[in-house]
Amino acid sequence: MAANNRRMSGKKGAQVGSGGQRRRGLEGKGPTPPAEMRKGHKKNRVANAKAKQAVRRPVARGRGGKGTSEMVVGRNPVVEALREGVPAVTLYVQQFIDNDERVREALQLVADRGGVHLMEAPRPELDRMTNGLNHQGLVLQVPPYEYAHPEDLAAAAYDEGQDPLIVALDGVTDPRNLGAAVRSVSAFGGHGVLVPERRAAGMTAGAWKSSAGTAARTPVARCTNLTRALEAYKKQGIAVVGLAADGEHEIGDLEALGGPVVMVVGSEGKGLSRLVGETCDYRVRIPMPGGAESLNAGVAAGIVLYEAARRRA
């Protein structure tokens with residue numbers, strides 16, 4: 001019996017009251033924390049991404065790789081490229097060339113710029129360099145373009161304390177449209193242009209000319225897979241907005257344009273590719289009362305960038 005009492009003596013008796021637990025349960029939990037501190041909220045993801053960018057090591061520029069060297073051939077194209085500030089390594093001039101006004105201007109532009117080598121070469125050598133094209137005695141060698149990495153564009157925005165504003169081109173093969181997009185990004189305070197490596201325009205002399213010199217201060221990044229690059233942006237809390245003629249939203253109604261955003265512009269006619277379209281958070285359309293079926297990539301990018309800049313002002 002004594003042993004039984006010992007076993008029972010370790011048990012607790014009946015509890016009287018709740019010990020204040022019910023009262024504490026009725027107390028408020030204080031003010032609702034701001035959106036930046038609520039786990040899972042979009043603003044919390046953006047804040048975390050900015051914090052990571054602040055403590056990360058500086059991104060090595062140029063990890064997007066280099067393009068290929070290019071030759072600008074012919075007197076008018078060479079003069080126009082030099083006027084527009086297209087980067088150049090060497091100007092090749094044919095021996096015993098007829099010295100007309102365009103040749104004199106090309107030589108003067110090279111002399112004024114500095115840093116461009118001037119080489120005289122026999123006609124057979126210029127024929128070989130240009131694969132027999134009609135060079136008219138003038139050939140300008142353009143250096144390979146050094147592309148940024150997609151991460152560089154967002155990092156540059158965060159370094160400036162701004163929300164990223166990036167344009168991605170999907171299937172745009174005309175260098176003039178790429179140059180126009182670069183020019184629009186520069187005009188409206190964007191942070192760069194993203195292009196895929198394959199089946200897309202690169203930063204050629206034509207793109208440089210269309211950018212009207214803004215390519216010197218607006219980076220162009222290149223990626224191996226556009227869909228994966230857009231997914232990486234989404235993980236940083238950056239909204240991906242695709243332009244589509246049948247988009248569910250009009251650009252004037254989409255509030256996401258006022259925050260961190262990547263705008264994806266497809267090719268004229270084909271529009272966005274299927275996988276890229278499925279990756280977009282939103283698909284927006286540009287109202288066109290005039291009845292045009294589509295706009296070229298440079299014009300479409302400029303319109304949406306204007307709307308984004310207006311919301312950020």
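The values are calculated or read from the model by the stated rules, or taken from the named source; none is laboratory data. Note that this is a predicted model, so its numbers are computed, not measured. Positions of Cβ are generated from backbone atoms using ideal geometry, with glycine treated the same way; all protein chains shown enter the neighbour counts. Keep in mind that these areas ignore ligands, DNA and RNA; they rest on the heavy atoms of the full protein, side chains included. Shrake-Rupley method; radii C 1.70, N 1.55, O 1.52, S 1.80 Å.
Selection of first residues in the range 67-83 that are farther than 18 Å from Leu118 by Cβ and of second residues that are open to solvent by less than 10 Å² (accessible area, probe 1.4 Å) and among the small types (Gly, Ala, Ser), restricted to Cβ pairs under 6 Å at least 6 apart or on distinct chains, gives the following pairs, ordered by first then second residue: Glu70/Ala205.
Suppose we filter Ala121, Ala106, Ala148 for residues that are in contact (Cβ under 8 Å) with a residue 12 or more places away in the chain, within 30 Å of Thr227 (Cα to Cα), among the aliphatic types (A, V, I, L, M) and open to solvent by less than 70 Å² (accessible area, probe 1.4 Å); which single one remains? Full working, then the answer.
Values: Ala121 fails: within 30 Å of Thr227 (Cα to Cα); Ala106 fails: within 30 Å of Thr227 (Cα to Cα).
Among Ala121, Ala106, Ala148, only Ala148 is in contact (Cβ under 8 Å) with a residue 12 or more places away in the chain, within 30 Å of Thr227 (Cα to Cα), among the aliphatic types (A, V, I, L, M) and open to solvent by less than 70 Å² (accessible area, probe 1.4 Å).
Scanning the range 213-235 for residues that are surrounded by fewer than 20 Cβ atoms within 10 Å (Cβ to Cβ), farther than 21 Å from Pro144 by Cβ and not hydroxyl-bearing (Ser, Thr, Tyr) returns Asn225, Arg228, Glu231, Ala232, Lys234, Lys235. For the range 258-282, a residue qualifies if it is over 19 Å from Asp174 (Cα atoms) and open to solvent by 60 Å² or more (accessible area, probe 1.4 Å), and the qualifying residues are Arg274, Leu275, Glu278, Asp281, Tyr282. Every condition in (1) under 18 Å from the mean Cα position of the chain (by Cα); (2) in a loop (DSSP other than H, G, I, E, B); (3) of a type outside the set (Phe, Trp, Tyr) is met by Leu257 except one, and the failing one is (2). Filtering the range 181-212 to residues that are open to solvent by less than 40 Å² (accessible area, probe 1.4 Å), closer than 16 Å to Gly85 by Cβ and not in a loop (DSSP other than H, G, I, E, B) leaves Val182, Ser186, Ala205, Gly206, Ala207, Trp208, Ser210. Identify all residues within the range 66-103 that are polar (S, T, N, Q) and open to solvent by less than 40 Å² (accessible area, probe 1.4 Å); write none if there are none. Matches in the range 66-103: Thr90, Gln94.
Starting from residues that are part of a strand (DSSP E or B) and of a type outside the set (A, V, I, L, M), keep the ones in the range 124-147 and report whichever is modelled with the lowest pLDDT. Among residues in the range 124-147 that are part of a strand (DSSP E or B) and of a type outside the set (A, V, I, L, M), the one modelled with the lowest pLDDT is Glu146. Of Arg274, Arg228, Arg285, Arg222, all but one fail to be closer than 19 Å to Arg183 by Cα and charged (D, E, K, R); the exception is Arg222.
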